[in-house]
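This report concerns only the one structure given below.
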Amino acid sequence: MAEANARPENQPAQPESPPARPETGPASSADANRTPTDRPARPKNQPARPETDPASSADAHRTPTDRPAQPENQPARPETDPASSADANRTPTDRPAQPTDSPAQATGRHQPTDSPAQTTSQHQQPTDGPAQTMGRPQQPTEHAPNQLTQAEHNERAAGSKRATGQDAQTARLEVVEVSKSFGAVAAVQGVSFALYPGEAHALVGENGAGKSTIVKMLAGVHRPDTGTLRVDGSDVDFAGPGDAKAAGIAVIYQEPTLFPDLSVAENIAMGNQPLTRTRQIDRKQMHATAERLFRRLGVPLDPTRPARGLSIADQQLVEIAKALSSEARVLIMDEPTAALSAVEVERLFAVVRSLRDEGAAIMFISHRFEEITALCERVTIMRDGRHVATELVADLSVDDMIRRMVGRDLSALFPKQQVTPGETVLEVEGLSREGIFRDISFSVRAGEIVALAGLVGAGRSEVMQAVFGVDPYDRGTVKVHGRRLRKGDPRSAMAAGMALVPEDRRQQGLVMDLSIERNVTLPRARKLARLGLLFGGTERAAAETWTRKLQTKLGRLSDAVGTLSGGNQQKVVLAKWLATGPKLLIVDEPTRGIDVGTKAEVHRLMSSLAADGLAVVMVSSELPEVLGMADRIIVLREGRVTAELTRAEATEESVMYAAMGQEVAA
Amino acid sequence: MTAAPTTLNRPARKNPTKNLLKTRELGIVLALALLIAYTAIDNSRFLSGQSIRDNLLNTAILAVMATGQAIVVITRNIDLSVGSVLGISAFTVATMMSSNPGLPMIVAILVGLAVGAVAGLVNGVLVRFGKVPALVVTLGTLYIYRGITYSWAGGSQVNADELPRHFLTFANDSLLGIPWLVLIALVVVGAGSLMMRNYKVGRELYAMGSSPAAAELAGIKVARNLLTAFVLSGALAGLAGVLYAARFGTVDAAAGSGYELNVVAAVVVGGVAVFGGSGTVWGAALGALLLTVIGSALAVLDINQFWQQAIVGALIILAICADRLVAVRIARSLRKRDAHV
């Protein structure tokens, strides 16, 4: 907490005050050492870009909370820093595996979108670090895109390696020309990259780009159709997850995979429990291990409690403890931070960095670019199952990454339309629930997007669930269009025109095994029914209208919702509620775990819905989203409203200050 | 928000799992105590040595089968074929003993275990590799095993006078005053409990029942463990067949018909969750004891025997309701504790 608090206020002071971040210790400083050579392009690039550029400004917005020191750090570091030069020396051999002749490479090379911004950024690249000179020879050619240089450099690197006959370092994990198809769908095609010991490597791409398939192949869940996986230079063939585990690969999946009935300690130890001499499970030691891991992670979980009922964030932390306990040499994290607060993310990163510095290879998948730049040295970009590029993170701006992931420019990430608000739709007065939230009052008018901001656990979702009637409340009133709603009665809330898109779409928003059409029509099955019977035709027609409006990518409407990607599932949830024709839409974390492309679509959708006169309440943990989308922002802290900010007043700092309350001042 | 300074000071939590298990099995013990006390007040002979002995002997066979069933149910499966496995094992052993009266008891037991193990293996293979739900597979094998026994027996039966004496007296012989049957049941329940509680394979079986998908991802040898569970259930049903033959002497093709429902009832009443992941073997054994005692108590209390079935049914529903209630309450308390507010 202390470290996070310190940030917004005294950013410049950061580099000089190492005591402020005690847990990160050597790991973070090592990382910081690497920073100067790794990330020269970014700050200097900034001015070249228009200030309205959504992606970069989004990144800039988030900087104070998540990744404070980096840009400011730079001048403070000596360029001859031994760590950084060591890192730089490693760079060329880091990328030998990239096949210069792969089709993905070729398409990447002729990418039409590469042109203007790309070239500018390249031109601006300073040649101050050794990495720069070696990693990227100056390219005078005006229109040579990045990859060409890269390819040349690869050949050169490979050549020099052959010449000297020495390999600086064997890849801990190598993916060579791997392909995997499911039926007719080619999920992954000819992807190659390598993870080196002591490296944090990001894997990015839109949902459906094949990242999760790669993860599952590395985890031993799927077997590649063609291509090979290598661990420490020798080919491996995983028959199951057990084999991958035995090879030292630990995976943290997007969805926590805990055993709800077993204790947290057992969850962590499962598979390699400590045994006594009689081969019984040594519970004492098991609990001690769990406690030690939790202390290292800085989480106050009781190892003996069952995993059932843990919050998503805590579940994720148990997963991380699990990976730590297995002494993994390769740690693969598939969006581990989606449910974590900024402080928890920072703590996780501290642990991951220390693992990395102990020689583990880290593969990190995230949709949050500021996390990638904060944690990773290199990034592999995938699109439509193909490898697009593997680059130093420092060589790519967030814009570059997005452009390559999406294959097109994202015109606007937060396309908020200006709307003159209409009459008041929702009025909440003095809403309280013992121990959860107190005295919450706010109102929402038609055409307005009101965001509920605050840290994870501040009570935002709980407030909205009480407003909708899913959760009870003790005192206060909820009025829709001036009429008071009965408490604890979602049905009357729905009748009054309220719709709630819950935070956890898998658990609360969708019936995963049911078809898409069924899911869309579920809340109003009664209305669609004729004489109490549901006919497929009406259902299908209704579902088709809405899925088309939201541009949901799907095979057939009769497919199970569980087969869709996360972003499209979210669209189905939205379609489900929009089909009820609501006056007030409550969306809880509307874009969690969704790729940038879909995110922008969801944002555009919300904006146009508001423009059509819908009142929208959005609960979001992503500050850029809050700042970009909301007309007004209500900040909650520990169950109370600490600020109500207009769009003009709201800044990253003002929201964070209100969200953290007096602790910032302390 | 897990703010480091505040949350680290959060007091260490008590262990809800243990409390939960305590309440679960404690409920059965309480019900049992009440039932025995009430019946004993009504008729003091209910506590006589012979009566206790009968109850224990009747429980023994059910408890052995309940042990195997509990293991299977914990993995989120079910074995409905145990009654038929008991039948085929009892008939096999009885036929063998009547034609080879010289064989020692231990051989009979081993043969029974082997017959059951094979039957269980078939179940397990079909469930795991045929990807058919256990309910369907074991319902099928229930009829198949029974059919095999019928066609083999062809209407004949093995009578007590055809069986060797040492085989028949085994049921009534005791060691240190405890009947062999009861001793075997105790050993089986004890070993089963120990395996499920303290050994790796046991915990993995719980894990598989708790979250099958996560178990696969955790690298647990799901196939091997599942086969183990079904083989154990089958083998214990086979063992129960031997005990059945020794205790009742007369064995026909219908031996053990309908037993599977008693066994499942015992397991459920004993607090094993039908959807896997929780419950204990000794809880299931307690459930078996409770069901047996209810049966004999009704006789002592001179209540129509037909009520017994209704009472067992009510108990099952009660057990499941209590289970739900406890689970909901615990979930709520856990969530409350987790709300970082």
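From the list B:Asn172, B:Asn262, B:Asn225, pick out the single residue that is in a loop (DSSP other than H, G, I, E, B) and away from chain A (no Cβ under 11 Å).
Exactly one of B:Asn172, B:Asn262, B:Asn225 is in a loop (DSSP other than H, G, I, E, B) and away from chain A (no Cβ under 11 Å), namely B:Asn172.
Which condition from (1) under 30 Å from A:Gly242 (Cα atoms); (2) surrounded by 24 or more Cβ atoms within 10 Å (Cβ to Cβ); (3) of a type outside the set (D, E, K, R) is the one that B:Leu227 breaks?
(2)
Quick test for you: out of A:Pro306, A:Pro274, A:Pro260, pick the one residue that is surrounded by 19 or more Cβ atoms within 10 Å (Cβ to Cβ) and within 21 Å of B:Leu217 (Cα to Cα).
Going through A:Pro306, A:Pro274, A:Pro260 in turn, the sole match is A:Pro306.
Only one of (1) under 25 Å from B:Lys131 (Cα atoms); (2) surrounded by 24 or more Cβ atoms within 10 Å (Cβ to Cβ) fails for B:Leu80. Which number is that?
(2)
Of everything in region A:254-271, what is more than 7 Å from chain B (Cβ to nearest Cβ) and touching a residue at least 60 places away in the same chain (Cβ under 8 Å)? Give them in sequence order.
A:Gln254, A:Glu255, A:Pro256
Mind telling me which of the residues A:Val343, A:Val351 ends up being modelled with pLDDT of 80 or more and either under 20 Å from A:Thr591 (Cβ atoms) or of a type in the set (A, V, I, L, M, F, W, C) (or both)?
Just one listed residue meets the conditions, A:Val351.
Look through A:Leu375, A:Leu396 and report the one residue that is closer than 19 Å to A:Ile252 by Cβ and crowded, with 22+ Cβ neighbours inside 10 Å.
Among A:Leu375, A:Leu396, only A:Leu375 is closer than 19 Å to A:Ile252 by Cβ and crowded, with 22+ Cβ neighbours inside 10 Å.
Yes/no matrix, rows are residues, columns are (1) within 12 Å of chain B (Cβ to nearest Cβ); (2) of a type in the set (Lys, Arg):
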site: A:Ser311; (1), (2): yes, no
site: A:Lys322; (1), (2): yes, yes
site: A:Glu327; (1), (2): no, no
site: A:Glu335; (1), (2): no, no
site: A:Phe349; (1), (2): no, no
site: A:Arg353; (1), (2): no, yes
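I need the full set of residues from region B:11-52 which are at pLDDT below 50, outside any helix (DSSP H, G or I) and surrounded by 14 or more Cβ atoms within 10 Å (Cβ to Cβ), in order please.
B:Arg13, B:Asn15
Can you tell me which residue among B:Gly68, B:Gly87 is buried (at least 24 other Cβ atoms within 10 Å of the Cβ), closer than 30 Å to A:Pro260 by Cβ, at pLDDT 90 or above and of a type in the set (Gly, Ala, Ser)?
None of the others qualify; the one that does is B:Gly68.
Here is a list: B:Val312, B:Val326. Which entry is at pLDDT below 80, surrounded by fewer than 21 Cβ atoms within 10 Å (Cβ to Cβ) and more than 14 Å from chain A (Cβ to nearest Cβ)?
None of the others qualify; the one that does is B:Val312.
Output the qualifying pairs, or none if there are none: Cβ atoms under 8 angstrom, residues six or more apart or on different chains, first residue in region A:293-306 and more than 9 Å from every other protein chain (Cβ to nearest Cβ), second residue polar (S, T, N, Q) and not in a helix (DSSP H, G or I).
Once the first residue is more than 9 Å from every other protein chain (Cβ to nearest Cβ) and sits in region A:293-306, its partners that are polar (S, T, N, Q) and not in a helix (DSSP H, G or I) give A:Pro303/A:Ser263.
Looking only at region A:571-592, decide whether some residue is in a helix (DSSP H, G or I), modelled with pLDDT of 75 or more and hydroxyl-bearing (Ser, Thr, Tyr).
There is no residue in region A:571-592 that is in a helix (DSSP H, G or I), modelled with pLDDT of 75 or more and hydroxyl-bearing (Ser, Thr, Tyr).
In this structure, does A:Val318 turn out to be within 12 Å of another protein chain (Cβ to nearest Cβ), within 30 Å of B:Ser193 (Cβ to Cβ) and in contact (Cβ under 8 Å) with a residue 60 or more places away in the chain?
For A:Val318, the condition - within 12 Å of another protein chain (Cβ to nearest Cβ), within 30 Å of B:Ser193 (Cβ to Cβ) and in contact (Cβ under 8 Å) with a residue 60 or more places away in the chain - is met.
Would you confirm whether any residue within region A:268-285 is among the small types (Gly, Ala, Ser), under 17 Å from the mean Cα position of the chain (by Cα) and modelled with pLDDT under 85?
No, because not a single residue in region A:268-285 is among the small types (Gly, Ala, Ser), under 17 Å from the mean Cα position of the chain (by Cα) and modelled with pLDDT under 85.
Find the residue count for region A:323-359, including only residues that are part of a loop (DSSP other than H, G, I, E, B) and not polar (S, T, N, Q).
10
Of the residues A:Glu462, A:Glu434, A:Glu448, which is under 24 Å from the mean Cα position of the chain (by Cα) and either within 14 Å of another protein chain (Cβ to nearest Cβ) or touching a residue at least 60 places away in the same chain (Cβ under 8 Å) (or both)?
A:Glu462
Which of the residues that make up region B:202-221 are more than 8 Å from chain A (Cβ to nearest Cβ) and modelled with pLDDT of 90 or more?
Listed by number, the residues that qualify are B:Gly202, B:Leu205, B:Met208.
The values are calculated or read from the model by the stated rules, or taken from the named source; none is laboratory data. Here the structure is a predicted model, which is why all the values come from computation and not from measurement. Note that we place each Cβ from the backbone using ideal geometry, even for glycine, and neighbour counts take in every protein chain shown.
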